[in-house]
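So the structure is just underneath, and the comments pick up after that.
Read the figures in this text as sums done on the coordinates, not as results from a lab. Bear in mind that the values here come from a model prediction, so they are computed numbers and not experimental data. Neighbour counts run over all protein chains shown; Cβ positions are idealised from the backbone, glycine included.
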Amino acid sequence: DLLPLKDFLECDFPIGCAVEPPEVVGKPAELLAKHFAQVTTGNQMKPDAIQPTEGVFTFDRADQIVAFAEANGMRIWGHTLLWHNQTPAWWFLDAAGNPLQPTRAHRALLLARFEAHVTALAEHYGDRVWAWDVVNEVVDPEQADGLRRSRWYEVFGGGAYIGEVFKIARRVLPRKVKLFINDYNTEFPDKREALYNLVQDLKRGRVPVDGVGHQAHVDYKRDPQLLGESIDAFRRLRVLQAVTELDVSVSDYMEESLPSTPPERLAAQGRYYQELFAVLRARARHLESVTMWGLYDAVSWLRTWPVSRPHEAPLFFDDRLQAKAAYWGVVDPA
Ligand code: XIL
């Protein structure tokens with residue numbers, strides 16, 4: 001019988017898991033409740049899931065996950081209030097169905113829509129959601145200003161929307177709900193620096209950002225120390241930090257589908273998780289939680305993104321819900 005991950009890591013940080021409704025029933029649900037102390041809604045709290053049509057709010061699928069989490073004493077992480085993906089087309093159209101323009105009126109309309117959206121979530125969940133990823137993936141180190149070009153960016157003619165949506169979220173959500181900015185590749189120096197500069201600007205502008213989320217979608221060849229260096233760097237900004245979407249891909253760069261998962265890569269992945277969790281546990285004081293982006297390999301998003309990869313196996317548990325070397329890398333670090 002396996003040692004629950006959440007017990008093993010109890011003195012370090014809550015270990016979280018992103019899930020969809022099928023994972024909160026049957027055998028997957030048993031595995032989830034046994035090992036994890038926190039859940040993130042993988043897709044079910046994104047803008048398109050919550051408000052597919054303007055003014056029509058659909059909480060039922062998110063609620064299935066929330067009910068399971070609460071019944072099992074798990075903390076809930078909300079993902080996400082603003083993202084350039086999985087946002088319905090109506091957000092960026094005017095009443096006549098035309099694209100929003102970079103005008104003052106359309107900026108006000110976008111912010112009013114955001115406020116209505118967050119208000120509905122605040123009324124429905126209150127402080128039962130412990131933290132929200134307020135903005136997701138707004139940084140782009142390739143741009144001179146370090147900011148992603150998105151519909152939000154275009155209408156605002158820059159990144160001013162970021163501070164505005166944090167202020168709205170802070171006004172609308174209960175005081176104790178933590179507000180995070182979340183991004184990927186934060187372990188790489190260029191992305192780290194762009195995100196650092198943005199958060200520094202936000203803090204200097206008195207924008208109520210509480211924390212930085214490191215997605216940590218990594219692969220088995222990326223240096224595990226890099227994430228530790230990023231966590232160390234962000235400490236200077238006096239923000240909370242969390243690892244929000246961890247998975248360790250076993251694919252090589254740009255690799256297409258393989259017939260099966262090479263066993264030596266699963267072994268290498270086990271060593272990777274071992275080293276990474278040593279890095280994370282050494283910084284446990286600075287981490288609010290560490291969340292896996294999926295419960296078991298068969299439901300990982302990497303099976304279908306960016307290409308179909310049936311050999312992909314980035315998580316702790318395999319297709320049959322059995323613990324992999326990845327799990328043993330964490331609980332048996334000798
Ligand atoms: C992914 C989900 O896991 C997929 O099911 C969905 O099709 C696309 O989005 N960064 C994020 C997450 O912030 O929301 C993404 O989740 C993975 C990358």
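Couple of notes before you dig in:
- Computed over region 1-135, Kirkwood Rh from alpha-carbon pairs, angstrom: 16.3 Å
- Base-10 log of normalised Debye intensity for the chain (one unit scatterer per alpha-carbon) at q = 0.07, 0.09, 0.10, 0.12 Å⁻¹: -0.28, -0.46, -0.58, -0.84
- Angle in degrees between helix 225-234 and the longest Cα principal axis of the chain, rounded to the nearest 10: 40 degrees
- Antiparallel %, DSSP beta bridges [both residues in the chain], to 5: 10 percent
- For region 179-240, the ratio of Cα radius of gyration to the globular rule of thumb 2.2 N^0.38 Å stands at 1.10.
- Each of Lys221, Lys178 was scored by other Cβ atoms within 10 Å of its Cβ. Listed from fewest to most, they are Lys221, Lys178.
- Highest-MSF residue in the chain out of Arg170, Arg235, Arg309 [GNM, Cα springs under 10 Å]: Arg235
- Residues Cys17, Cys11 in ascending order of nearby Cβ atoms (within 10 Å, fewest first): Cys11, Cys17.
- Taking other C-beta atoms within 10 Å as the exposure proxy, Lys6, Lys46 rank Lys6, Lys46 from fewest upward.
- Between helix 263-281 and the chain: long-axis angle, C-alpha atoms, 0 to 90°, nearest 10: 60 degrees
- If the Kirkwood radius is taken over C-alpha pairs of region 75-214, then at 20 °C and 1.002 mPa s the Stokes-Einstein diffusion coefficient equals 139 µm²/s.
- The Cα center of region 260-327 and the Cα center of region 96-169 differ in position by 31 Å.
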